[in-house]
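Inspection log for the structure reproduced underneath, given as structure tokens.
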Amino acid sequence: MKKNFLLLILILVAVNLQAQFQPAPQTQKQLIIETDNTALVYSIGKNQKLYQVYLGEKLKNAADYQLLPSKHEAYIPSGGDNLFEPAIKMLHNDGNPSLELLVSDEKVTRDGNLVTTSILLKDPKYPVEVRLNFVAFQKENIIKTWAEIKHQEKKPVVLSNYASAMLHVDADKYWLTQFHGDWAQEMRMEESQLTSGIKIIDSKLGTRANMYQTPVFFLAKNQSANENSGDVIAGTLGWTGSFQMAFEIDNEGSLRMISGINPFASEYHLNPNETFTTPEFLFTFSNQGKGQASRNFHRWARNYGVMDGNGNRLSLLNNWEATYFDFDEAKLTELFGGAKELGVDLFLLDDGWFGNKYPRANDRAGLGDWQETTTKLPHGLGYLVEQAEAKGVKFGIWLEPEMVNPKSELYEKHPDWVLKLPNREEHYYRNQLVLDLTNPEVQEFVFKLVDDMITKNPKIGFIKWDCNRMMTNTYSPYLKDKQSHVQIEYVRSFYKVMDRLRAKYPTLPIMLCSGGGGRTDYGALKYFTEFWPSDNTDGYERVFIQWGYSYFFPSITSCNHITTMGKQSLKFRTDVAMMGKMGYDIRVNEMTADELTFSKQAVQNYNRLKDLVWKGDLYRLVSPYEDDRAVLMYTNEPKNKAILFAYSLHPRAFNQYSAVRLLGLDANKNYKLEEINKMPNSRGRFVADGKTFSGDYLMKIGVQLPNNGDLTSAVIEISEVK
Ligand code: DGJ
């Protein structure tokens, strides 16, 4: 009896082992998706399933990919034999909760720098298809991927998972870098080693989705991620709403990474013949650490990801931190003068200019009533636009089109235009509610708000588009019995409105803002020229915040304003702001004579060098996460010009810094180093000021940087000399 039992156990173990260690399915064909340096390789098994066989540095001989095993099904459906987190889960009309996906067709099209691969998968038993799309940006080494899901069953099917991408990685160890935060503390970088099981970074916030987590990550193989060495995958999701990125290590130590819309509370009832298109997941592979991955993203973003990514940007003076809600025409026109004096391009009027029955004197009332407050601005916006023009600056305006204060005429007129649960108390955040953008009437209202304003004041040259709350108590009166579609439909509706606006106003610069950096993603940046990283404008904090964003977003998109927040010198705050799209939010008439002279010179330096910062290659040299200083530089493509920024954060007394080796220069060129942005009458302490070195020397030996006092900074212009 005992013997039989043992035999049975042995047989069971053998069967189980066989199930686990099935030989790799024989391969019929490989599909190679390549950029200049990266390859993502799939194979079609004899069983017609799609397998991912490789993701990494491109191999010289494509034939070598054939040597790799077909271990991981590419886009794994739920049901069937899947044992871990699926990419897709569907409930059919007959109650069957499984999918099987077999390759039915594939095609590759080339269009210059873009190679598009499209793989059609079909279920052999149910009329369901999933198309996986990949666009490989050759020069930028970025791959964009998304899925399209469709069926011809009689009634809707229920989708409860719908990933944009599932990628497989094999390594001994995996290190995940994520960027978390909160209001005024966005993009805090944190790295941890993944352990078996699943790790999820996500947002369920709907609007202001990135308040606590931004949809970006680095995944480093075998060792923690370095700046300039090691295998790193960098990924981000282009979706302006709730997202989910799941990282799961399976029983064999393989990692699957699944990215897409957050399926949380979002079962999707897909009608026959309707196509569910997932957002785009963008990723790059670098075998030279995070630095190269960032440069890949920056280049791609400027060329393809951001509205007018290679264009110009307006420097500006904003009145938010200068006045908050407390302003009138006289105060504003005085600020126009300050803008002109500094030499910036535009004045941006922030929150607080609208509402009459309920004037917007603070954040408790008036939101949604987009008419000028007559007591504050008796001559209206048109007058302000003219006055700004007379002073020689353009005029821009703040809007928060998707939101409403309950204390507003808009709310009184349309109480059914807001997202709120029936039979529950309204829940406010910053005293406001989210409008139900899924309702076409609300979409029309938002479109018309912008359209009417620009039609009436065609000289408005800039919009700051704010969004100060997340979704809570979420229920759409418009969607009725489709409540699980709210989060998805909201984002689609947002894009619909932006599509209409962009069709009519293709070149108007619009800043993406969300109570600081609550919206920063490549889904929105198709429509927006720039974003507001954080309401925290303290120069010291900004070093970290901007450092965080710099991993995934090019500096041309980052609006950095000089304000009076923080205890650092004006020079420090100016140097920090110059690492992106510079602006001011300050009362110019309160500057000392030296500060004003310095600032005017800084604006001129910025105008002279902004292209280098915006479009140059970024090299992060010393990380504030590892040292009590931060050093980085931007180099232009011909490598004849570079600019270096160095910040001393809170060093110990008598701290001695070693020389910093530069990167990205041409070893065979000679470069002159000059410190710029110096306060008038200040003693320069840069020992190499005015000296010339070879690129070889600067990259092998380095240079001693001047900043060793608490919260001091230096900007060094590096120019080729022939
Ligand atoms: C939040 C933004 O981040 C700030 O810059 C400012 O525009 C306020 N909203 C205005 O309410």
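The values are calculated or read from the model by the stated rules, or taken from the named source; none is laboratory data. The structure presented is a predicted model; accordingly, all values stated were derived computationally and were not measured. Methodologically, a virtual Cβ is constructed for each residue, glycine included, from the backbone with ideal geometry; neighbour enumeration extends over all protein chains shown. SASA here: full protein model, heavy atoms, side chains in, ligands and nucleic acids out. Shrake-Rupley method; radii C 1.70, N 1.55, O 1.52, S 1.80 Å.
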Bin all alpha-carbon pair distances of the stretch 240-359 at 10 Å intervals from 0 and give each bin's fraction as a whole percent.
9, 19, 21, 23, 19, 8, 1
Can you list the HN-Hα couplings for the stretch 363-375, worked out from phi with the Karplus curve (6.51, -1.76, 1.60; θ = phi - 60°), rounded to whole Hz and with x for Gly and Pro?
8, 8, 8, x, 5, x, 9, 8, 10, 4, 5, 5, 5
Obtain the nm distance between the two label points defined at residue 139 and residue 608 by a simple spin-label model: each point lies 7 Å from its Cα along the Cα-to-C-beta direction.
2.9 nm
Run through the stretch 349-447 and list the trypsin sites (Lys or Arg not before Pro) located in a DSSP loop whose Cβ has at most 10 other Cβ atoms within 10 Å.
424
With axes computed from alpha carbons, what is the tilt in degrees of helix 380-391 against the longest principal axis of the chain, rounded to the nearest 10 within 0 to 90?
60 degrees
Rg to Rh for the chain: what is it, with Cα atoms only and Rh by Kirkwood?
1.00
FRET efficiency, 1/(1 + (r/R0)^6) with R0 25 Å, evaluated for residue 303 and residue 107 via beta carbons
0.55
Probe 1.4 Å, protein heavy atoms only - accessible area per residue of the chain in square angstrom:
40 Å²
Stretch gain in nm, segment residue 82-residue 500, where the contour uses 0.36 nm per residue and the Cα spacing is subtracted
146.3 nm
Give a residue-ordered list of calculated ³J(HN,Hα) values for the stretch 188-203 (Karplus: 6.51 cos²θ - 1.76 cosθ + 1.60, θ = phi - 60°; whole Hz; x for Gly, Pro).
7, 7, 9, 10, 8, 7, 7, 10, 4, x, 10, 10, 10, 10, 7, 9
Of all accessible heavy-atom area on the stretch 316-616, the percent that carbon and sulfur account for (1.4 Å):
51 percent
From DSSP H assignment alone, runs of 4+ in the chain each adding -39500 (n - 2.57), the sum over residues rounded to the nearest 500 puts [θ] at 222 nm at -6500 deg cm²/dmol
Of 432-439, 637-644, ordering from highest average Cβ density within 10 Å down gives 432-439, 637-644
Using alpha carbons only, how many degrees (0 to 90, rounded to 10) separate the axis of helix 593-615 from the longest principal axis of the chain?
30 degrees
Rounded to whole Å, give me the distance from the Cα center of the stretch 382-437 to that of the stretch 507-559.
22 Å
Please work out how much length the chain gains when fully extended from residue 152 to residue 190, using 0.36 nm per residue of separation minus the C-alpha to C-alpha distance, in nm with one decimal.
9.2 nm
Between 0 and 90°, nearest 10: helix 2-20 axis offset from the chain longest Cα axis
50 degrees
So if R0 is 45 Å, what FRET efficiency would residue 659 and residue 170 give, r being the distance between their Cβ atoms, rounded to the nearest 0.05?
0.70
Sort out for me the Cα centre separation of the stretch 226-275 from the stretch 111-167, rounded to whole Å.
14 Å
Where both partners of a DSSP beta bridge lie in the chain, what percent of those bridges are antiparallel, to the nearest 5?
85 percent
Can you list the GluC sites (Glu not before Pro) in the stretch 154-258 that are in a DSSP coil and have 14 or fewer other beta carbons within 10 angstrom?
252
Which is farthest toward the positive dipole end of the chain among 213, 655, 422, measuring Cα position about the Cα centre, with Cβ charges +1 (Lys, Arg) and -1 (Asp, Glu)?
655
Cα centroids of the stretch 305-345 and the stretch 182-209: how far apart, whole angstrom?
33 Å
In Hz, Karplus ³J(HN,Hα) per residue of the stretch 244-259 (6.51, -1.76, 1.60; θ = phi - 60°; x = Gly, Pro)
9, 10, 10, 10, 10, 9, 8, 5, 9, x, 8, 10, 10, 10, 10, 10
Which far-off residues, 5 or more places away or on another chain, put their amide H under 5 Å from the one on residue 704, with H placed in the peptide plane?
660
Would you mind computing, in nm to one decimal, how far apart the modelled labels at residue 67 and residue 412 are, each placed 7 Å from Cα along Cα→Cβ?
7.7 nm
Please compute the modelled spin-label separation between residue 362 and residue 480, points set 7 Å along Cα→Cβ, answer in nm with one decimal.
4.2 nm
Sequence-distant or interchain residues sharing an amide H contact under 5 Å with residue 558, placed H: which?
531, 581
Once 474, 109 are ranked on solvent-accessible area with the largest value leading and a 1.4 Å probe, the list reads 109, 474
The stretch 551-611: trypsin sites (Lys or Arg not before Pro) in DSSP loop, at most 16 other beta carbons within 10 Å
567
Assuming a ≥ b ≥ c are the square roots of the Cα gyration tensor eigenvalues, decide whether the stretch 553-673 counts as rounded (a/c under 1.5), prolate (otherwise, with a/b larger than b/c) or oblate.
oblate
Residue 230 long-range amide H proximity, modeled H, under 5 Å:
289
The stretch 543-611: spread of alpha-carbon positions along the three principal axes, whole Å, largest first, is 38, 27, 15
